[in-house]
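The values are calculated or read from the model by the stated rules, or taken from the named source; none is laboratory data. Everything numeric in this text was worked out from a predicted model, so none of it was measured. Positions of Cβ are generated from backbone atoms using ideal geometry, with glycine treated the same way; all protein chains shown enter the neighbour counts. Areas reflect the complete protein model, heavy atoms only, side chains present, ligands, DNA and RNA absent. Shrake-Rupley method; radii C 1.70, N 1.55, O 1.52, S 1.80 Å.
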Amino acid sequence: MNPSQKRKAVEEALMPFINGKTLANALILWDEKYAHQPTFALQHFLRELCNDLEIAHMRSRMLQALVSTFSSMQDGRHHRTTEPPSIKHNTLHAAKTSSSPILLMFMALVEQLIDSPGGDASTRIRLYVLENLTKISLPTHERWAFHGWLNQMTPLTGTTPNINTMQQVINLAYVALCEYLGPIKADQILQSTVSNVQKEHPTTNVQSLL
């Protein structure tokens, strides 16, 4: 995608959430600081934007829209998506035929770790994992796959992350749980989630991911 296409994607993704001078200022911020950065700087752009505009309550949905629009344009099937479909409706159906048992277990484990607290806490934990993916060394296509999955748009299919990568992502979710809920509650959620996921995937050892 060239700078003009990226700017168009940013504008279309943000239009359902902000408009007028607010949208114009957002595009100025994009042009001045983020237009020539890698696509995965989207979350940094949005973090600064939301801090300036005090619209943090919409940050998760805005990030979903941005990632969805960029992904659509890269795939040559650009369309505006204001409400990306939830991964919960298609993960098992789509992934069972194309993913290994260990990858299915990994997806279930991370999704349950993020979703267990519920409400705003789950949103903050999901954003924490997304924003800290940059700390993990990943090929570009794999990083994009993780973004789509964590934004609840697509299952983590078509990629084969290694065990070390999976462990690092799980650790990010656990660290986020500790930060927002405290280590005692985080340990309780981890233990409960590990037990539940092992029951759901009896043929694969969940301990290999920890």
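A Cβ-based charge dipole, computed about the Cα centre of the range 112-190 with Lys and Arg at +1 and Asp and Glu at -1, lands at about 80 debye. From most to least packed by mean Cβ count within 10 Å, the peptides 188-194, 112-118, 17-23 give 112-118, 188-194, 17-23. When you restrict to C-alpha pairs under 8 Å that are six or more residues apart and normalise by the size of the range 106-210, the relative contact order lands at 35 percent. Charged neighbours of Thr193, selected by a Cβ distance under 14 Å, balance to -2 (K, R count +1; D, E count -1).
Protein heavy-atom accessible surface, 1.4 Å probe, per residue over the range 135-210: 50 Å². Residues in the range 1-48 average 51 Å² of solvent-accessible surface per residue, probe 1.4 Å, ligands and nucleic acids excluded. With both labels modelled 7 Å from their Cα along Cα-to-Cβ, the Glu11 to Met58 distance reads 1.8 nm.
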